[in-house]
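Peer 1: Below is the structure I would like to discuss, written out as structure tokens.
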Amino acid sequence: MIHKTSNAESAAILRITVFSMWFYHLWHDPIQELASMPLVLFSPIGVLDLLPSDAWPLILSGPFLWTMKILLLIALLLLILGVRPFWRIAIPACIALTLYQGLTRSFGKINHGELAMLYSAYVLAISPCVDALSVMKPRKSSTNSRYAAALFAMATVLCLTYTFVGVRRFAVGGSEIFLDESILSYVAHRSAEPGPFNINFGLMVLEHPLMSKLLEVSFFVLTAFEALSMLALFNRRFRWSWVVMMLGFHVSTIITMQISFSANMILVVLLLTPATPYASTWIHTLFARRTQAGRDFT
Amino acid sequence: MVAALLMRLRSGVDAVFLGECLFYGLLLAWLARRPEVQRRLRGDDAVYGLIIVAFVVLLIAGQLVSDGRRTYPFVHWAMYTTPARKAPIFLECHGVLADGEDVVIPAARIFKSLSVRLTRTWLKLAEAAVAETDPEMQVESWRKFDGLVQSMMLEYNRKNPGSPVIEAVVWRVMIPASKRSNTEAYPREVFRRVTVSDGEPR
């Protein structure tokens, strides 16, 4: 099973990575520009609908968006540094991240690019992940099984999101979606339209019949892997093929469809490969050696 | 979430819903039987384990409800599940500057926060306005469409000091079924012209 040998450093690596990804994302996101969008297009989604409608002109104003961005950046920095009491910062930060991501989605399509990262932040907010690699004084660590539970929970949530996609595609699309060249039209559309990266490599791929056929076959194989994602938690052989498949898929969607799931790629590597156990063992050994050297010196 | 699930049930139970309920029920049962999972739901980790179980159940409920607009942040994941259009279209925006020059407006990069969410919404608004049969509603649909174009142009002007855009020309571009790599040859037509005026579009 994955993360059997997790320690405080493993959970801390995930904490630093996830909140750093959020920090980077928010730092480069000019959310204050939403103040220039027509309010008539704004329709609050999900939990955002719990807020009174009178509040939206204020929330979608430049000063509020700027304030939210700055406060959230400060909170994320504190979370990266592992400042305690962790959950008192992490839970409000997760609420603010939910509002921030909800705002952009309330102007139209609900996409999924950042959702795995959001769910990871939720899991971390209630997990023991500041017992190592923190600027605060070290304190009594939790049991290793608690750290393992946190990482296992994050991996479960990540795999579940892939399962949703695969199962829904089989359930709704049936065999038709794989046989009617739909994927070729989707690639053509996403590649040709003016997108965020302006890479239309997908159009070149579609010019080659063999490549087009390969695309259709891999669409089916990918969907099967997605539907079986939960197996990756328990079966090592399947996990490796799953990781290769998903990383390949995410790279190919960037260059052929201008769709980036970069946060998912990082999470897949950290949660479903030995990257985190190796890094945490290395860090643990390094710190232990330093402590020992300090003791020997005194 | 519960209200949304009840609404989904009230609106009719279809085979996809039943099939997915069965699948996720079996998946949860399979997970619950795994010794690794059972260990986490006992002893010191029980409370933490139960919170995570509740979280997973919410994620699955969000998927089953299939109405992300109601259930966010627990939305449904349904990508490329329906057959694609054989002749997809997209919108391309050109701006006519005050000095007469024509510039292409990178719609997906004007509001970086929204990116392609904006272009999808934009296309949806265009299709809704064209399909609307009620004249009053159609005026309202066009007002929304034009408002979005105005916002894009004003944002473009703000980011590009110099000669401002005074008119937006929206082109409808059709992607052919073959020879797709020659984007210059795509059939295109002027879809709408919007005069850009200063002031708040809100």
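Peer 1: Output the residues belonging to the range A:41-62 that are surrounded by 14 or more Cβ atoms within 10 Å (Cβ to Cβ) and of a type in the set (D, E, K, R).
Peer 2: If the condition is that a residue be surrounded by 14 or more Cβ atoms within 10 Å (Cβ to Cβ) and of a type in the set (D, E, K, R), then A:49 is the only one that fits.
Peer 1: Residues to consider are A:150, A:116, A:155; find the one that is at pLDDT below 95, more than 7 Å from chain B (Cβ to nearest Cβ) and open to solvent by less than 10 Å² (accessible area, probe 1.4 Å).
Peer 2: A:150
Peer 1: Of all the residues that make up the range A:24-43, how many are assigned to a loop (DSSP other than H, G, I, E, B), within 9 Å of chain B (Cβ to nearest Cβ) and within 27 Å of the chain's Cα centre (by Cα)?
Peer 2: Residues that pass the stated criteria total 5.
Peer 1: Looking only at residues that are farther than 21 Å from residue A:121 by Cα and more than 8 Å from chain A (Cβ to nearest Cβ) in the range B:42-66, which one is most open to solvent (accessible area, probe 1.4 Å)?
Peer 2: Ranking the qualifying residues of the range B:42-66, first place goes to B:42.
Peer 1: Taking the condition of being open to solvent by less than 40 Å² (accessible area, probe 1.4 Å) and charged (D, E, K, R), how many residues in the range B:159-202 meet it?
Peer 2: The qualifying residues number 1.
Peer 1: Just need a number here: residues in the range A:63-91 that are more than 20 Å from residue A:29 (Cβ to Cβ), open to solvent by less than 60 Å² (accessible area, probe 1.4 Å) and not aliphatic (A, V, I, L, M).
Peer 2: Count: 3.
Peer 1: Now for a separate question. Can you tell me which residue among A:224, A:188, A:171 is surrounded by fewer than 20 Cβ atoms within 10 Å (Cβ to Cβ) and facing chain B (nearest Cβ under 9 Å)?
Peer 2: A:171
Peer 1: Among the residues of the range A:111-145, write down those that are under 17 Å from residue A:284 (Cα atoms) and touching a residue at least 60 places away in the same chain (Cβ under 8 Å).
Peer 2: Within the range A:111-145, A:128, A:129, A:130, A:131, A:132, A:133, A:134, A:141, A:142, A:144 qualify.
Peer 1: Among the listed residues B:136, B:140, B:101, identify the single one that is without any contact (Cβ under 8 Å) to a residue 12 or more places away in the chain, away from every other protein chain (no Cβ under 11 Å) and farther than 24 Å from residue A:196 by Cβ.
Peer 2: B:136
The values are calculated or read from the model by the stated rules, or taken from the named source; none is laboratory data. Since this is a predicted model, take the numbers as computed values, not measurements. Using ideal geometry, Cβ is built from the backbone for each residue, glycine included, and neighbour counts are taken over all protein chains shown. Surface areas here come from the heavy atoms of the whole protein model, side chains and all, with no ligands, DNA or RNA. Shrake-Rupley method; radii C 1.70, N 1.55, O 1.52, S 1.80 Å.
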